[in-house]
1. Scan region 365-378 and report the pairs whose first residue is more than 19 Å from residue 339 (Cβ to Cβ) and in the same structural domain as residue 287 (by the TED database) and whose second residue is open to solvent by 10 Å² or more (accessible area, probe 1.4 Å) and of a type in the set (Lys, Arg), with Cβ atoms within less than 6 Å and a gap of 6+ or a chain change.
2. Quick one: what pairs do we get from region 64-91, first residue over 19 Å from residue 51 (Cα atoms) and in contact (Cβ under 8 Å) with a residue 12 or more places away in the chain, second in a loop (DSSP other than H, G, I, E, B) and among the β-branched types (Val, Ile, Thr), C-beta under 7 Å, 6+ apart or different chains?
3. Of all residues in region 165-204, how many are within 15 Å of residue 137 (Cβ to Cβ) and of a type in the set (Ser, Thr, Tyr)?
4. Consider region 68-104. How many of its residues are surrounded by 20 or more Cβ atoms within 10 Å (Cβ to Cβ), assigned to a loop (DSSP other than H, G, I, E, B) and of a type in the set (S, T, N, Q)?
5. Within region 248-262, does at least one residue satisfy the condition of being at pLDDT 95 or above, assigned by the TED database to the domain that holds residue 368 and touching a helix residue (DSSP H, G or I) at 6+ places or on another chain (Cβ under 7 Å)?
6. Going by the structure shown, is residue 212 in contact with a helix residue (DSSP H, G or I) (Cβ under 6 Å, 6 or more places away or on another chain), among the aliphatic types (A, V, I, L, M) and either more than 25 Å from residue 155 (Cβ to Cβ) or open to solvent by less than 50 Å² (accessible area, probe 1.4 Å) (or both)?
7. Does region 301-321 contain at least one residue that is under 29 Å from the mean Cα position of the chain (by Cα), on the phi > 0 side of the Ramachandran plot and without any contact (Cβ under 8 Å) to a residue 24 or more places away in the chain?
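The values are calculated or read from the model by the stated rules, or taken from the named source; none is laboratory data. Bear in mind that the values here come from a model prediction, so they are computed numbers and not experimental data. Using ideal geometry, Cβ is built from the backbone for each residue, glycine included, and neighbour counts are taken over all protein chains shown. What goes into the accessible areas is simple: the full protein's heavy atoms, side chains included, and nothing from ligands, DNA or RNA. Shrake-Rupley method; radii C 1.70, N 1.55, O 1.52, S 1.80 Å.
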Amino acid sequence: MRGKWEVVRLWVLYCLLLSGFFQGVFSAFNLPRPPWKKQSNFGSSVVFPLVGNVYPKGYYQVTLNVGQPPKPYFLDIDTGSDLTWLQCDAPCVKCIPAPHSPYKPNKNVVKHKDPICASLHSPANHPRHTPDDQCDYEVEYADHCSSLGVLVRDAFPVKFTNGSSIAPPLVFGCGYDQEVPASEHAPYTDGILGLGNGKSSIVSQLSSLGFIRNVVGHCLSGQGGGFLFLGDDVVPSSGIVWSPIVRGSSEKHYSLGPADLLFGGQATGIKGLPIILDSGSTFTYFNSKAYKTLLSSIKKNIDTKQLTDAVDDKSLPVCWKGSKPFKSLKDATMYFKPLTLSFTKAKNIQLQLLPEAYLILTDKGHVCLGILNGSEAGIGDVNLIGDISMLDKLVIYDNEKQQIGWAPANCNKLPSLS
């Protein structure tokens with residue numbers, strides 16, 4: 001599991017030693033008067049090409065330019081978390097290998113009185129801090145990877161689909177201490193691009209400044225690559241299946257609510273499975289009961305004359321092999337049936353998962369199940385739809401209308417723009 005599904009665990013770090021250590025590096029950031037007024041003329045988007053794949057890379061990354069002068073950074077796209085962060089030379093306490101040199105802050109610390117800082121912390125958690133103290137952060141993900149640092153504000157140059165360019169100052173995390181468990185393989189990126197709906201999200205910040213609608217979407221190609229967009233200018237006017245975002249009292253993820261699981265069009269007995277969409281997760285995860293039921297259904301359907309267990313392939317927990325190595329995933333999908341998630345809080349709304357949306361082809365020519373046991377992966381009863389099940393679909397997270405949409409799409413081609 002890549003594990004970018006964010007556990008709601010952002011809190012203030014009270015460490016006087018670190019505060020004194022970084023005091024010389026960070027000071028108040030006096031933001032100059034911006035050369036624009038808050039915009040009200042919505043209707044444009046920012047489109048970014050993506051690089052990556054589900055297997056063997058395991059993630060999709062975007063290139064963002066940050067700072068003045070701008071420098072490029074590769075970021076793992078993650079709709080399962082809000083905060084964007086870069087590895088940061090503040091100096092580095094513990095930085096992991098990355099494609100670019102760490103970001104260097106320049107007296108641009110965000111203070112505790114900033115609303116974005118307040119959105120990450122409850123008041124009860126930082127009684128000893130004054131409004132002018134630096135805003136520290138720590139974010140931990142479900143795979144126990146984490147980033148610790150301080151919030152900073154710097155320019156993010158972007159070009160809109162209408163041809164205009166801006167470089168607004170946006171808040172992000174300057175991560176000087178990253179932890180990666182020995183069992184995990186961190187993406188070879190410079191940080192994470194958080195695309196959730198919280199105030200700290202880059203898309204929320206651009207929306208609050210009036211540049212775009214609070215809409216984000218992606219199209220992940222099964223052949224690798226794809227595109228990401230912020231804003232609603234490239235959202236098709238028709239052909240999209242829309243379902244409302246379902247939020248509990250403390251829920252902040254992109255949840256589609258409960259769904260019944262069908263295999264080959266037949267009920268599996270799994271009902272009311274709460275579903276979250278998360279581009280930060282490579283694979284799809286079901287809770288233990290749903291996973292075991294699904295695996296049993298798949299195995300009962302397999303023709304053992306055509307497929308046998310590939311116990312020597314450790315790419316994923318469950319793999320099969322044919323009489324000879326498969327040359328393409330399409331050659332293997334004929335032996336499997338589609339899955340369907342039928343959402344119970346939205347009338348006649350279903351998410352169809354063809355075999356290509358839950359299988360991978362390994363370098364050995366075997367086919368493996370890309371749906372994993374979330375309970376064994378340490379995420380409990382959470383059910384995540386990861387990248388593998390969103391391939392070759394345009395997926396739209398509309399925070400304005402509180403709905404999520406999807407449709408089949410050619411993700412190898414950037415959207416045509418007028």
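1. Every condition considered, the pairs that remain are 366/321.
2. Correct list of pairs: 90/25.
3. 3
4. Final tally of qualifying residues: 3.
5. Yes; the residues of region 248-262 include at least one that is at pLDDT 95 or above, assigned by the TED database to the domain that holds residue 368 and touching a helix residue (DSSP H, G or I) at 6+ places or on another chain (Cβ under 7 Å).
6. Judged against the criteria, residue 212 is a match.
7. No, there is no match, as no residue in region 301-321 is under 29 Å from the mean Cα position of the chain (by Cα), on the phi > 0 side of the Ramachandran plot and without any contact (Cβ under 8 Å) to a residue 24 or more places away in the chain.
Results for (1) in contact with a Ser or Thr (Cβ under 7 Å, 6 or more places away or on another chain); (2) open to solvent by 60 Å² or more (accessible area, probe 1.4 Å); (3) among the charged types (D, E, K, R), shown as yes or no for each residue.
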{"position": "332", "(1), (2), (3)": "no, no, no"}
{"position": "336", "(1), (2), (3)": "no, no, no"}
{"position": "348", "(1), (2), (3)": "no, yes, no"}
{"position": "369", "(1), (2), (3)": "no, no, no"}
{"position": "397", "(1), (2), (3)": "yes, no, no"}
{"position": "412", "(1), (2), (3)": "yes, yes, no"}
